[in-house]
Each structure stands twice: as C-alpha cells, then as structure tokens.
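Note sheet for the following structure.
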Amino acid sequence: MPVPAVMSRDQVRDVDRRAIEDYGLPGVVLMENAGRGCVDWLLELGVAGRVVICAGRGNNGGDGFVIARHLANRGKDVSVLLFCDPTVLQGDAAINFHVIERSGTEIRVITSALSDDDLNAVFGDTDWIVDALLGTGTRGALREPFPTIIRAINCSPARTLAIDLPSGLDCDSGTPVDPNDPIAVQADFTATFVARKSGFANPESVPYTGEIRIIDIGVPHSMFD
C-alpha cells in the first residue's frame, strides 16, 4: 500500500512510534535519513554561501544537527544557533548534537533574550537559514525567544528551508498556532517527512510553507497496509 498522501499530527507521531517499536528501526536512523534527505534537496537548490541552522531542543533540532554535519562534510560554510541549554537535549537529538560539537562545527548557544537587531546581524551575511526550531507537536502560544527568532528569520533576505513544517505553524490547521500572535516562519521551501501534513491543504498555509517536497525517511511502506 502506498504512503498516504496526507497525514495528521497524530498519524505522523504514530508512524515514528511504530517504526521504532514495531519494526525495530532506531530513531537515530530515521533522523539521519531525514537530515540527509534535506541536505540533498538543499544542495539541489544551490548553496552559494553560509548556512545558519536554527535549532530547538526537540527532534526537529536533531534533524538540524544532522543537516549541519552533512553540509560540513560537503564543504559548506555552516553554523548552528541552538536556542536552549545543550544539557536539556535528549535521545537522538543529544546524540547528533554531541557529534557536531566534537567535530568542531561552529555552535552558538543562545539562552537569553536577543534583540531583533542582534538576530538581524547574525543573519546578515547568510545565504540560507534552516528552520529546525519547532516540530509538528507545537500547540498554543509560542514562548520567547521563539517569536523574536521567527520575526528575525522572516526579516532576513536569506532563503529559508523549513524542516517538516515551518515553526509556529499548526500541523493540522495550516494556520499559526497562536491566534493572538499569528506568527510563523515564512519559508521559501519546506522539506516535510513521510507525507504532506493535513494543514498544508489549507490555502492560508502557502505563504508559510513555500514549495513543499516530501522526504523519504526510510519507514517501511508495509506499515501503511
């Protein structure tokens, strides 16, 4: 049976759970496949200068660490902005953070508030921003520093690739998660995993997602029978 064309938040999370628990496919392998698939598309789109990976504490950030490693292996100028204390990273994300840390990747840990001017300066000479801040599980109002980061990304002239879905966008509705402060990354491209998300069918999501490509992360298709 083919992979469903569209999947909800709960279905996506269940795919990961079943791949790991029922099929014995390690989560770190899924993360590796996801990150490497994003890099293949990014290089196809063309990388002429510096790439800044904006990473959060969850598995979306872990995907960003894999992307950083593979870009560095391809000789690209890459740096990581980590918006949490590294000690709170867990599981597969922690594994991949330690790899890039030990390999000498430029990492800047940001745990205190930065002004818009500070972040705009960080992104000033950047060719690409990779949005690996927040994943499909995000709901409700965004806490700082994420609104400030997202505004800075949206103000940057750099092209933006969102990982799985733009940070701040609701997976199922295709609109920003916080109706009182409707902000989400306005990506030029979105590399989404396994299948398009339900919210992408909403025309209001298009200014946030840009062009969408489905990335195969190696989940057995027999799972969908």
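Restricting the first member to region 88-115 and to residues that are over 22 Å from Glu32 (Cβ atoms), and the second to residues that are loosely packed, with under 13 Cβ neighbours inside 10 Å, the beta-carbon pairs closer than 6 Å and six or more apart or on different chains are Thr111/Asp85. Scanning region 10-64 for residues that are touching a residue at least 40 places away in the same chain (Cβ under 8 Å), of a type in the set (Lys, Arg) and under 22 Å from Phe224 (Cβ atoms) yields a total of 2. The number of residues in region 30-54 being surrounded by fewer than 22 Cβ atoms within 10 Å (Cβ to Cβ) and over 28 Å from Arg17 (Cβ atoms) comes to 8. Criterion first (farther than 20 Å from Ile214 by Cα, within 15 Å of the chain's Cα centre (by Cα) and not in a helix (DSSP H, G or I)) does Arg69 satisfy it? No. Only one of the listed residues (Asp63, Asp10, Asp92, Asp16) is surrounded by fewer than 18 Cβ atoms within 10 Å (Cβ to Cβ) and either acidic (Asp, Glu) or touching a Pro at 6+ places or on another chain (Cβ under 8 Å) (or both). That residue is Asp10. All of (1) surrounded by fewer than 18 Cβ atoms within 10 Å (Cβ to Cβ); (2) modelled with pLDDT of 95 or more hold for Pro2 with one exception: (2). On the stretch given as region 73-104, residues that are among the charged types (D, E, K, R), part of a loop (DSSP other than H, G, I, E, B) and closer than 17 Å to Cys54 by Cα total 3. Scanning region 184-221 for residues that are surrounded by fewer than 19 Cβ atoms within 10 Å (Cβ to Cβ) and over 16 Å from the mean Cα position of the chain (by Cα) gives Ala201, Asn202, Pro203, Glu204, Val206, Pro207, Gly218, Pro220, His221.
Among the residues making up region 116-132, those that are over 14 Å from Ala191 (Cα atoms) and among the acidic types (Asp, Glu) are Asp116, Asp117, Asp118, Asp125, Asp127. Restricting region 18-54 to residues that are small (Gly, Ala, Ser) and in a helix (DSSP H, G or I), the residue that is farthest from Val66 (Cα to Cα) is Ala19. Evaluated against (1) assigned to a loop (DSSP other than H, G, I, E, B); (2) buried (at least 24 other Cβ atoms within 10 Å of the Cβ), Ile149 falls short on exactly one condition, (1). Checking the stated criteria, Asp170 turns out to be charged (D, E, K, R) and modelled with pLDDT of 95 or more. Of all positions in region 189-208, none carries a residue that is of a type in the set (D, E, K, R) and in a loop (DSSP other than H, G, I, E, B).
Every test in (1) more than 15 Å from the chain's Cα centre (by Cα); (2) closer than 20 Å to Val219 by Cα is passed by Ala48 save one, and that test is (2).
The values are calculated or read from the model by the stated rules, or taken from the named source; none is laboratory data. All figures in this text were calculated on a predicted structure; none of them were measured in a lab. Using ideal geometry, Cβ is built from the backbone for each residue, glycine included, and neighbour counts are taken over all protein chains shown.
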